[in-house]
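Beneath this line is the structure, given in structure tokens, with notes to follow.
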Amino acid sequence: MRIHWGLAIALGATFAWVNPAQAAGPKIDSVRIDGARDEAQVSIDGAFDNPKYAVRTREDGRLIIIDIEDAALPPGGINSTGSTSLIARTIASNTAHGARIELMLTGKATYRARATDSGISVKLHRGEGPNPPKARRSKASAGPKVEGIHLEQKDGRDRVVVELA
């Protein structure tokens with residue numbers, strides 16, 4: 001019987017110690033959403049010194065997941081303000097490793113995230129992202145033309161000789 005009481009006291013002390021440690025970490029206060037039709041800016045505000053976060057996509061770019069390490073949401077939840085046609089739904093939850101904010105989008109989008117003084121800023125742009133410029137070949141620089149290729153053996157070595165024009 002004494003072993004059971006000792007185990008219960010040890011577990012109770014562990015849980016009592018974990019809660020204040022979690023409360024001392026970064027806290028998320030609010031999520032602001034600003035933007036126009038094809039873009040949005042999501043600002044995650046809170047008490048952060050140097051936030052550790054990871055952003056990833058799922059469902060072919062239609063779901064953006066922001067994991068904030070060691071952060072906690074307030075007991076009553078967070079205030080989410082603003083809207084844009086790019087973001088359909090926002091879900092925030094506490095996880096074992098911190099806090100998670102999920103942004104369900106109305107279409108594919110690319111993102112750019114960075115830490116700010118007051119939290120984390122994520123910029124979203126509808127589509128696959130900027131198209132890289134295509135290289136154009138000018139008519140004047142058509143490049144060399146191969147006129148002939150032959151194999152040459154010299155000093156016990158093989159060489160490939162390419163003749164260009």
Discussion item. I want to check the label-to-label distance for A113 and E39. Put each point 7 Å from Cα in the C-beta direction and report it in nm to one decimal.
Written reply: 2.0 nm
Practice prompt. Show the residues, 5+ positions off or on another chain, whose built amide H is closer than 5 Å to the amide H of K108.
Written response: G127
Fill in: Kirkwood Rh, Cα atoms: Rg over Rh of the range 33-90
0.97
Worksheet item: Taking θ as phi - 60°, what are the ³J(HN,Hα) couplings along the range 60-74 by the Karplus curve (6.51, -1.76, 1.60), each to the nearest whole Hz, with x for Gly and Pro?
Response: 6, x, 9, 10, 9, 10, 10, 9, 10, 5, 6, 8, 9, 8, x
Item to complete: Name the residue farthest towards the positive end of the dipole of the range 28-69 from the options A40, G61, N50, assuming +1 on Cβ of Lys and Arg, -1 on Cβ of Asp and Glu, about the Cα centre.
Response: G61
Worksheet item: How about K108: which aspartates and glutamates have a C-alpha closer than 12 Å to its C-alpha, ignoring those fewer than 8 places off in the same chain?
Response: D38, E39, E59, D60, E128
Worksheet item: What is the set of long-range amide H partners of S80 at a cut-off below 5 Å, with H atoms built 1.01 Å from backbone N?
Response: V31
Practice prompt. Using only Cα positions of the range 23-126, each an equal point scatterer, no hydration layer, compute I(q)/I(0) via Debye at q = 0.11 Å⁻¹ and quote the log10 values to two decimals.
Written response: -0.29
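Values quoted throughout were computed directly from the atomic coordinates according to the rules given, and no laboratory measurement underlies them. Every value quoted in this text rests on a predicted model; they were computed, and no experiment measured them. We place every Cβ from the backbone using ideal geometry, glycine too, and count neighbours over all the protein chains shown.
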